[in-house]
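Student: Pasting a structure below so you can have a look.
The values are calculated or read from the model by the stated rules, or taken from the named source; none is laboratory data. Keep in mind that this is a model prediction, so the values were computed, not measured. Note that we place each Cβ from the backbone using ideal geometry, even for glycine, and neighbour counts take in every protein chain shown.
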Amino acid sequence: MRILITNDDGYDALGIKLLTFWARKLGDVTVVAPKTEQSGTSHAIDFIHPTEIKKVHSEDGLTVYSMASTPADCVRFGILGLNQKYDVVLSGINRGVNVGEDIVYSGTIGAIFEAGKNKTPAIAFSAFFDGQTEAAEYLDDAYKFICDNNLLDKNPLYNVNIPKKATEIRMTYQGTQYFSDRFEKAGEDMYIQTGEQIPDECPNDLNRDTVAVHNGIISITPLLHTRTNFEIIKSHSKTVKL
């Protein structure tokens, strides 16, 4: 099995080291990860500037590259730059859960969408800020659930969020807003974006990723690459000739 791993916290972050250590028992691992933290970069790529890419480690079954760009670019280099095919792309373990509407900002999630664009199934793993080590203990359980249910054959992209102490695994759907955002003044002509977690609008619905992960549930959400609303197209299928 050939595996490509990336993240948005940087190639030397704890989460990617935990994920890489776990994934090596599945097969040969190539890591291409950002040189510095790229949180909030979503699916951004840089096709304007030359990019620094360094091989920082190599041993039997494991090669690690540092790339001065985004997680999506790391996936692009892993597939297109190295001219390799992979059985799966893994992203994470992110420092902070990726749930609800906030996944649109996530570089962790952007990486798996880039994998999907390149016809490779992918799984994103995220945990609470102080819970990556605990989350790594449940990687076997989450991956077994995905394999036992042939989920990657049914849909290529999955967002997995793991609590510090899990009691069950559940298929979930994406919740809504997870943070309340605002700008705060940080000096002369300077502002910083900040915010805090807000309660889910359906706090008792354990099938929502925003609720499940706070109730000891490993949340596994199938994601779609397309952004077309086909229901609207079906309900408005008339053609008007001009």
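Student: Could we say that ILE192 is β-branched (Val, Ile, Thr), modelled with pLDDT of 95 or more and over 24 Å from ILE45 (Cβ atoms) here?
Tutor: no
Student: Mind listing whichever residues of region 113-169 are closer than 16 Å to ASP209 by Cβ and among the small types (Gly, Ala, Ser)?
Tutor: Scanning region 113-169 gives ALA124, SER126, ALA127, GLY131, ALA135, ALA142, ALA166.
Student: Look through region 156-172, keep the residues that are more than 27 Å from TYR86 (Cβ to Cβ) and not in a loop (DSSP other than H, G, I, E, B), and return whichever of them is farthest from the chain's Cα centre (by Cα). I'd like the intermediate steps shown before the answer.
Tutor: First, the residues of region 156-172 that are more than 27 Å from TYR86 (Cβ to Cβ): 163-168, 170.
Now narrow it down to the ones that are not in a loop (DSSP other than H, G, I, E, B): 168, 170.
Details: GLU168: 21, ARG170: 18 Å.
Per the stated criteria, the residue is GLU168.
Student: Working only within region 62-75, note down all residues that are assigned to a helix (DSSP H, G or I), of a type outside the set (Val, Ile, Thr) and either surrounded by fewer than 22 Cβ atoms within 10 Å (Cβ to Cβ) or in contact with a Leu (Cβ under 9 Å, 6 or more places away or on another chain) (or both).
Tutor: CYS74
Student: Name the single residue, out of those in region 198-212 being outside any loop (DSSP other than H, G, I, E, B) and out of contact with any Phe, Trp or Tyr (no Cβ under 8 Å at 6 or more places or on another chain), that is surrounded by the most Cβ atoms within 10 Å (Cβ to Cβ).
Tutor: ALA212
Student: What residue, among those in region 126-151 that are surrounded by 14 or more Cβ atoms within 10 Å (Cβ to Cβ) and among the polar types (S, T, N, Q), is nearest to the chain's Cα centre (by Cα)?
Tutor: SER126
Student: Hey, another quick one. Can you find even one residue in region 83-102 that is of a type in the set (Asp, Glu), touching a residue at least 60 places away in the same chain (Cβ under 8 Å) and not in a loop (DSSP other than H, G, I, E, B)?
Tutor: Taking every residue of region 83-102 in turn, at least one turns out to be of a type in the set (Asp, Glu), touching a residue at least 60 places away in the same chain (Cβ under 8 Å) and not in a loop (DSSP other than H, G, I, E, B).
Student: Exactly one condition in (1) surrounded by 12 or more Cβ atoms within 10 Å (Cβ to Cβ); (2) over 22 Å from GLY40 (Cα atoms) is false for PRO222; which is it?
Tutor: All conditions pass for PRO222, except number (2).
Student: Looking at (1) of a type in the set (Phe, Trp, Tyr); (2) within 14 Å of the chain's Cα centre (by Cα); (3) farther than 30 Å from ASP200 by Cα, which one does TYR105 not meet, given that it meets all the others?
Tutor: For TYR105, the failing item is (3).
Student: Need pairs with beta-carbon distance below 9 Å; first residue under 17 Å from VAL75 (Cβ atoms) and within region 8-27, second acidic (Asp, Glu); sequence gap 6+ or separate chains.
Tutor: Hits for this filter: ASP8/GLU37; ASP9/GLU37; GLY10/GLU37; ALA13/GLU37; GLY15/ASP9; ILE16/ASP9.
Student: While we're on this one: Could you list, in sequence order, all residues of region 13-31 that are among the aromatic types (Phe, Trp, Tyr) and in contact with a helix residue (DSSP H, G or I) (Cβ under 6 Å, 6 or more places away or on another chain)? Talk me through it step by step, then tell me what you get.
Tutor: If we filter region 13-31 for residues that are among the aromatic types (Phe, Trp, Tyr), which is where we start, we get 21-22.
Within region 13-31, TRP22 is the sole residue that qualifies.
Student: Report, by residue number, each residue of region 152-189 that is modelled with pLDDT under 95, of a type outside the set (Ser, Thr, Tyr), surrounded by 10 or more Cβ atoms within 10 Å (Cβ to Cβ) and over 15 Å from ILE218 (Cα atoms).
Tutor: GLN177, PHE179, ASP181, ARG182, PHE183, GLU184, ALA186
Student: Going by the structure shown, is VAL104 of a type in the set (A, V, I, L, M) and surrounded by fewer than 20 Cβ atoms within 10 Å (Cβ to Cβ)?
Tutor: Criteria met by VAL104.
Student: Another question about this same structure. Could you grab me the full set of residues in region 164-197 that are in contact with a Phe, Trp or Tyr (Cβ under 7 Å, 6 or more places away or on another chain) and touching a residue at least 40 places away in the same chain (Cβ under 8 Å)?
Tutor: Across region 164-197, the qualifying residues are ALA166, ILE169.
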